[in-house]
Amino acid sequence: MKSYLKFLSRNKLYSIIVILGMTISLAFIILLGAFVNKQLNTDSFQENLDRIYLYANEESFDCAFYPHKYFPERYPEIESSTAIIFSENVVAHADEDTYNADVMEVDSTFFNIFTVKSLSGDINTFHDSRYNIVISKTFANMVFGNKNPIGKVITLDKYEEVNYIVCGVIENIKNSILKDADIFISSEWMVATYPEAYCPDMGSWACCASAFLCKENADLQTKEPDMLSWFKENCWIYKPDAFTGGYKTARFIPLKEAYFYAGDAGTDNVSYYLNHGNWRFIRILLYACLALLFFAIMNYINLTVAQTGFRAKEMATRRLLGTSKFNIILKMIGESTVLITFAFILALLIAEGLSPAASKILGYDFTVMEAMTPSFFSLCVAGVLVLGLLSGIIPALTISKFKPIDVMKGSFRTKTKMVYSKLFITLQNIITIGMLIAALTIFLQVRHMINMPLNYNTDNILVVNNMDCFTYQNKNQIAIFRDELKQLPCVQAVGLGNGTPLDGGNNNTMQYDNGRYVSFQIIKGDSAYFNIFGFKIKKDNHLADPRAKNNVYINEYALKELEITEYTPNFTMNPNTENARTFTIAGVYSDFKIFGALRENSAGWIINTGTYNLEKSYPWNTIIKTTGDKQEAINEITAAYNKANPDGIFSGEYYEDLIEDEYVKERQLLAIVNTFTLLAILISTLGLLAMSTYYVRQQEKDIAIRKVFGSTKQGILNKLIKTFMRYVAVAFIVAIPIGYYLMSSWLKGYIYRINLYWWIFVLAGLFVMIISYLSVYWQSVCAANANPVVTIKKE
């Protein structure tokens with residue numbers, strides 16, 4: 001080992017390149033391992049892990065409220081069940097202060113099904129009264145500090161203005177499919193405030209998620225065929241003429257599989273009420289990390305083989321002194337293992353330091369040390385040993401296969417070949433070009449979606465969610481707020497309404513002709529509301545009173561869905577039923593292009609305009625058109641809100657920011673691809689340097705002879721550089737179809753997508769070519785400038 005350490009100290013460039021490349025690669029492998037290890041252990045603390053199931057269809061976990069009440073009666077295998085409803089930013093009042101709280105509505109059986117750590121009080125009394133609530137440790141500390149929270153009173157604006165009594169405090173829920181709620185209340189309150197949800201016909205779908213606790217040794221999944229039959233008979237969304245085409249599956253998903261459940265379409269948006277992982281995203285990270293690790297191993301192999309001239313005489317001497325070929329191989333594998341162990345220790349420290357930044361990029365809180373369980377540490381040790389073997393075996397075999405006499409005669413370096421190095425450096429370039437193609441494509445697609453024409457206004461529009469800011473019982477505060485806003489110089493206009501194109505408004509699915517279901521998104525609002533958004537009217541039928549109850553505007557897509565023309569005066573929904581309703585078409589709006597996650601096609605819209613009657617209706621949103629500096633406008637608007645509702649908490653966000661929030665996952669993916677692409681370029685550059693070192697050492701004698709016979713430095717330099725450019729050219733030819741196929745497949749997930757422009761591929765190839773040229777230029781210049789007499793004497 002002393003000889004190896006001496007070798008490393010004398011060859012500093014070699015040591016820096018190998019250790020740096022290996023350390024960077026291992027740091028990101030460790031980060032990924034910690035991230036995946038924590039996700040794979042989601043809900044592992046649940047005592048009933050093997051007995052808990054969640055309802056799911058082919059799209060999501062969301063369902064109606066009624067089934068979880070009905071199925072325990074139908075299936076004796078079910079011991080208990082609970083609905084799970086999650087609401088963010090509910091205004092809570094306690095001890096004369098106001099807070100924003102995340103609230104989870106659950107059945108009284110919730111704490112019997114799921115494992116939580118009780119800190120104080122008695123959570124078992126949660127089911128004694130619907131006025132009893134349980135709060136988290138974080139919320140208890142924030143609201144009550146050092147006071148005992150048990151028995152304290154909390155009121156919630158979203159629900160009836162009653163006093164809720166804290167009966168227990170629990171540890172915050174972490175690393176679970178369950179969201180970390182501040183307050184747990186009885187789901188009976190959802191039934192009281194939203195009675196449509198609790199009805200046998202399940203007209204309000206996707207209002208909750210449902211969890212079931214199975215009895216010991218029972219197999220709940222055997223009941224799936226019967227459950228599907230029941231849904232087809234009793235639930236409209238399972239019928240073939242439903243707007244979805246009818247759900248085709250009803251499943252009981254085990255909790256241990258639920259976190260990564262992606263439905264039949266492979267989506268990761270499977271529930272608003274639950275946390276969920278993205279296995280496809282993890283695979284992308286895995287492939288990127290494996291690419292970096294491949295680069296680092298190849299760099300070690302290339303550069304170690306390139307340095308065999310320095311080690312060959314040492315190994316030959318050992319052979320002449322009686323050391324076997326096998327022991328030589330073991331020695332070199334041991335050396336590579338020691339180097340990788342050192343790189344691993346450095347990588348572990350770097351990875352822990354990068355954990356906060358990685359958590360922010362990945363949107364998931366984790367640390368390396370937190371994930372360093374005995375099993376994960378054992379896996380890391382095994383990985384180091386395997387990497388030591390993989391990294392050391394080729395250099396060891398290369399050196400050991402030559403006879404000591406070849407080394408002593410100086411013919412060793414002329415007999416070693418570059419087959420592995422040529423292959424590895426070409427693969428590095430293919431992967432690097434592919435990553436650059438991916439980074440450019442993702443960047444252009446995200447920019448395209450953000451800047452996509454929407455056919456309505458989005459600039460300087462502040463969206464206020466009234467349900468977060470005002471109670472149902474005090475609608476007059478909304479009127480006061482609106483009047484205060486109209487007096488502000490920074491406010492151009494104020495509108496009241498229900499829904500925006502971004503959140504989809506309210507979905508209403510109704511029967512049309514021949515029993516066919518048609519799904520509409522419904523937006524209601526006053527004239528100012530629609531003037532602010534600036535929706536474009538294609539045809540106005542000039543009704544005497546377009547604001548009458550059944551007079552509506554619809555968009556062009558709705559015309560197609562209804563199979564009518566813009567000249568049709570009316571249409572009837574739910575015909576031949578007691579709920580039949582005829583709508584008169586007041587006009588037709590041009591289609592506007594945003595709904596949901598901005599990846600879906602157009603939707604049919606019913607648009608109600610007119611004066612908003614606050615005595616009869618509760619507007620979900622206040623829409624404010626502002627001028628000047630946005631932050632100053634928010635400050636003034638907040639002051640106006642405080643006048644209207646002194647006990648509330650103002651919540652508002654600009655529409656442009658809401659649009660950008662829709663692309664969190666795309667921006668996350670872009671940041672990761674960019675990071676790995678930069679690292680790939682760095683490590684690939686080190687690999688090219690290793691390759692050029694190896695090649696130049698092999699060609700030293702040939703270069704010296706050429707110079708003796710009159711070759712110019714420029715000619716020699718051009719010959720050396722052209723050798724490496726050929727590898728880039730081959731990599732470019734191979735990378736183009738691979739990159740095109742992969743990015744075409746990725747873009748198919750978007751309705752509004754860019755074309756794969758030819759210059760994306762050219763730019764990626766050109767960039768790698770420039771990097772390659774700069775990487776090999778230095779070594780080539782050194783070789784071209786070397787004194788041929790010295791080189792020949794050395795040979």
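The values are calculated or read from the model by the stated rules, or taken from the named source; none is laboratory data. What you see is a predicted model; the values in this text were computed from it and never measured. With ideal geometry, Cβ positions are generated from the backbone for all residues, glycine too; neighbour counts draw on all protein chains shown. Each accessible area value is taken on the protein alone, full model and side chains, heavy atoms only, with ligands, DNA and RNA left out. Shrake-Rupley method; radii C 1.70, N 1.55, O 1.52, S 1.80 Å.
Quick one: count up the residues across region 717-772 that are without any contact (Cβ under 8 Å) to a residue 12 or more places away in the chain, closer than 19 Å to residue 444 by Cβ and of a type in the set (A, V, I, L, M, F, W, C). The qualifying residues number 4.
Out of everything in region 131-153 that is farther than 27 Å from residue 43 by Cα and basic (Lys, Arg), what residue ends up being surrounded by the fewest Cβ atoms within 10 Å (Cβ to Cβ)? By that ranking, first place goes to 147. Any residue that is modelled with pLDDT under 85, open to solvent by 10 Å² or more (accessible area, probe 1.4 Å), in contact with an Asp or Glu (Cβ under 7 Å, 6 or more places away or on another chain) and within 22 Å of residue 660 (Cβ to Cβ) - is there at least one of those in region 602-620? Looking through region 602-620, at least one residue is modelled with pLDDT under 85, open to solvent by 10 Å² or more (accessible area, probe 1.4 Å), in contact with an Asp or Glu (Cβ under 7 Å, 6 or more places away or on another chain) and within 22 Å of residue 660 (Cβ to Cβ).
Scanning region 63-82 for residues that are under 23 Å from residue 186 (Cα atoms) and in contact with a Leu (Cβ under 9 Å, 6 or more places away or on another chain) yields 78, 79, 80, 81, 82.
Just to be sure before I move on: is residue 88 free of Cβ contacts under 8 Å to residues at least 24 places away in the same chain and either in a loop (DSSP other than H, G, I, E, B) or open to solvent by 30 Å² or more (accessible area, probe 1.4 Å) (or both) in the structure I sent?
yes
Set side by side, the residues 499, 534, 504 differ, and just one is within 14 Å of residue 655 (Cα to Cα), open to solvent by 20 Å² or more (accessible area, probe 1.4 Å) and in contact (Cβ under 8 Å) with a residue 24 or more places away in the chain, which is 534.
In region 38-63, what residues are in a helix (DSSP H, G or I) and open to solvent by less than 30 Å² (accessible area, probe 1.4 Å)?
39
From the list 483, 468, 459, the lone residue that is surrounded by fewer than 16 Cβ atoms within 10 Å (Cβ to Cβ) and in a helix (DSSP H, G or I) is 483. Could you grab me the full set of residues in region 464-523 that are among the charged types (D, E, K, R) and touching a helix residue (DSSP H, G or I) at 6+ places or on another chain (Cβ under 6 Å)? Within region 464-523, 484 is the sole residue that qualifies.
Residue check: is residue 641 buried (at least 19 other Cβ atoms within 10 Å of the Cβ), assigned to a helix (DSSP H, G or I) and not hydrophobic (A, V, I, L, M, F, W, C)? Taking the combined requirement at face value, the residue satisfies it. A single entry from 96, 79, 88 fulfils the requirement of being over 24 Å from residue 645 (Cβ atoms) and either modelled with pLDDT under 90 or not aliphatic (A, V, I, L, M) (or both): 79. Considering region 652-755, the qualifying helices (runs of 4 or more DSSP H), each wholly inside and each with 2 or more residues that are closer than 22 Å to residue 769 by Cβ and at pLDDT 75 or above, run over 664-708, 713-747.
Residue by residue, here is whether (1) of a type in the set (Ser, Thr, Tyr); (2) in contact with a Lys or Arg (Cβ under 9 Å, 6 or more places away or on another chain); (3) under 23 Å from residue 50 (Cβ atoms); (4) in contact (Cβ under 8 Å) with a residue 12 or more places away in the chain holds:
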residue: 73; (1), (2), (3), (4): no, no, no, no
residue: 79; (1), (2), (3), (4): no, yes, yes, yes
residue: 96; (1), (2), (3), (4): no, no, no, no
residue: 111; (1), (2), (3), (4): no, no, yes, yes
residue: 116; (1), (2), (3), (4): no, no, yes, yes
residue: 123; (1), (2), (3), (4): no, no, yes, yes
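Under the condition of being out of contact with any Asp or Glu (no Cβ under 9 Å at 6 or more places or on another chain) and modelled with pLDDT of 90 or more, the residues counted in region 163-209 number 6. Out of the residues in region 569-594 that are loosely packed, with under 12 Cβ neighbours inside 10 Å and at pLDDT below 85, which is nearest to the chain's Cα centre (by Cα)? Here the answer is 579. Considering region 99-118, the residues that are polar (S, T, N, Q) and in a loop (DSSP other than H, G, I, E, B) include one that is surrounded by the fewest Cβ atoms within 10 Å (Cβ to Cβ), namely 115.
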